[in-house]
Amino acid sequence: MQSKRPVVLITGGSRGIGASVAQLAASRGYDVAITYRSEREAAEAVLAVCRASGAQAVACQGDVAVEADVLRMFDEAEAGLGPLSHVVNNAGITGRSGRLEDTPAEVLRSCVDINVTGALFVAREAVRRLSTRRGGQGGSIVNVSSVAAKLGSPGEYVWYAASKGAIDSLTIGLSREVALDGIRVNAVSPGMTRTDIHERSTQDLGRLERLKPFIPMQRIGEPEEIAEAVLFLMSDAASYITGADLPVSGGR
Ligand code: NAP
């Protein structure tokens with residue numbers, strides 16, 4: 001089935017920020033491919049919302065840290081919806097929270113594998129598919145970074161902050177590398193956003209409420225507010241914007 005609407009692939013689109021991006025994109029006229037790692041039911045629920053908006057929507061299972069999975073998920077998305085025009089590099093984890101000196105190697109490694117190596121696999125595959133230099137139709141990539149890249153997250157997860165610093169470097173470097181290939185590359189940097197990542201990853205119940213006073217706007221962001229920024233950067237309204245990093249963080 002080939003699609004005439006713009007087609008966006010969103011990694012980690014089954015929950016949280018990625019799910020909001022998928023649903024907003026569907027409501028704004030995009031067809032949507034979401035990827036997920038383990039929760040098929042959550043992915044199906046997002047597909048149902050997207051389809052109710054009139055979008056074609058498919059879900060692809062795989063781990064972004066596994067190169068073969070990434071290639072297969074892009075193939076499945078394009079087989080279902082036609083050529084991609086946008087990719088949102090969103091899947092990510094924090095790992096448990098604590099001081100670096102107390103953190104086991106597997107926590108550090110899985111965070112870097114998923115957040116950095118996975119994001120590089122996804123960005124590389126996006127360029128291969130979108131680049132006008134390679135016969136693609138051009139488009140844009142939005143990387144989901146974090147304000148943690150600049151704040152450093154001391155005592156919580158400096159490894160996660162470091163992994164998002166890598167995303168910021170990826171955004172600036174790749175944006176310049178593919179500027180003449182019809183691809184814009186930008187990032188959004190969410191602040192504290194109401195998703196499951198906090199309690200599930202860190203087992204830190206109540207983290208959001210505890211940290212709220214440190215946010216200048218004194219409230220937690222909603223995933224829909226991050227999605228709006230992603231959709232703006234994907235849109236033609238952002239046609240001269242590449243290499244940008246847009247904080248969506250209530251001033252943090
Ligand atoms: P979330 O609610 O935990 O959702 C994470 C999503 O990523 C899920 O769809 C999950 O799929 C998927 N995923 C996780 N590991 C994966 C892997 N190895 N391969 C493929 N998919 C994987 O997280 P979120 O809060 O929406 O975060 C989304 C992005 O925003 C992340 O990059 C995060 O670092 C960033 N961010 C979040 C916040 C915040 O406060 N929430 C702040 C700044 C930045 P399954 O459920 O199937 O595993």
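The values are calculated or read from the model by the stated rules, or taken from the named source; none is laboratory data. Here the structure is a predicted model, which means the values were calculated and not measured. Cβ placement follows ideal geometry from the backbone for every residue including glycine, while neighbour counts extend to all protein chains displayed.
Numbers below:
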{"quantity": "So residue 69, is it under 15 Å from the mean Cα position of the chain (by Cα), within 13 Å of the ligand (Cβ to nearest atom) and acidic (Asp, Glu)", "calculated": "no"}
{"quantity": "Candidate set from the range 46-56 (those that are within 17 Å of residue 17 (Cα to Cα) and touching a helix residue (DSSP H, G or I) at 6+ places or on another chain (Cβ under 8 Å)); member that is surrounded by the most Cβ atoms within 10 Å (Cβ to Cβ)", "calculated": "50"}
{"quantity": "From the options 136, 118, 92, residue that is outside any helix (DSSP H, G or I), of a type outside the set (A, V, I, L, M, F, W, C), modelled with pLDDT of 95 or more and within 16 Å of residue 168 (Cα to Cα)", "calculated": "92"}
{"quantity": "Selection count, the range 125-156, where residues are in contact (Cβ under 8 Å) with a residue 60 or more places away in the chain, within 10 Å of the ligand (Cβ to nearest atom) and not β-branched (Val, Ile, Thr)", "calculated": "1"}
{"quantity": "Members of the range 83-106 that are surrounded by 18 or more Cβ atoms within 10 Å (Cβ to Cβ) and either of a type in the set (D, E, K, R) or more than 13 Å from the ligand (Cβ to nearest atom) (or both)", "calculated": "84, 85, 86, 87"}
{"quantity": "Residue match in the range 167-178 (condition: at pLDDT below 95, farther than 16 Å from residue 17 by Cβ and in a loop (DSSP other than H, G, I, E, B))", "calculated": "no"}
{"quantity": "Selection status of residue 122, touching a strand residue (DSSP E or B) at 6+ places or on another chain (Cβ under 6 Å) and either among the aromatic types (Phe, Trp, Tyr) or touching a residue at least 40 places away in the same chain (Cβ under 8 Å) (or both)", "calculated": "yes"}
{"quantity": "Count of residues meeting criterion [free of Cβ contacts under 8 Å to residues at least 24 places away in the same chain and of a type outside the set (Lys, Arg)] in the range 96-119", "calculated": "5"}
{"quantity": "Leading residue by the ranking (surrounded by the fewest Cβ atoms within 10 Å (Cβ to Cβ)) among those in the range 1-31 that are hydroxyl-bearing (Ser, Thr, Tyr) and more than 16 Å from the ligand (Cβ to nearest atom)", "calculated": "27"}
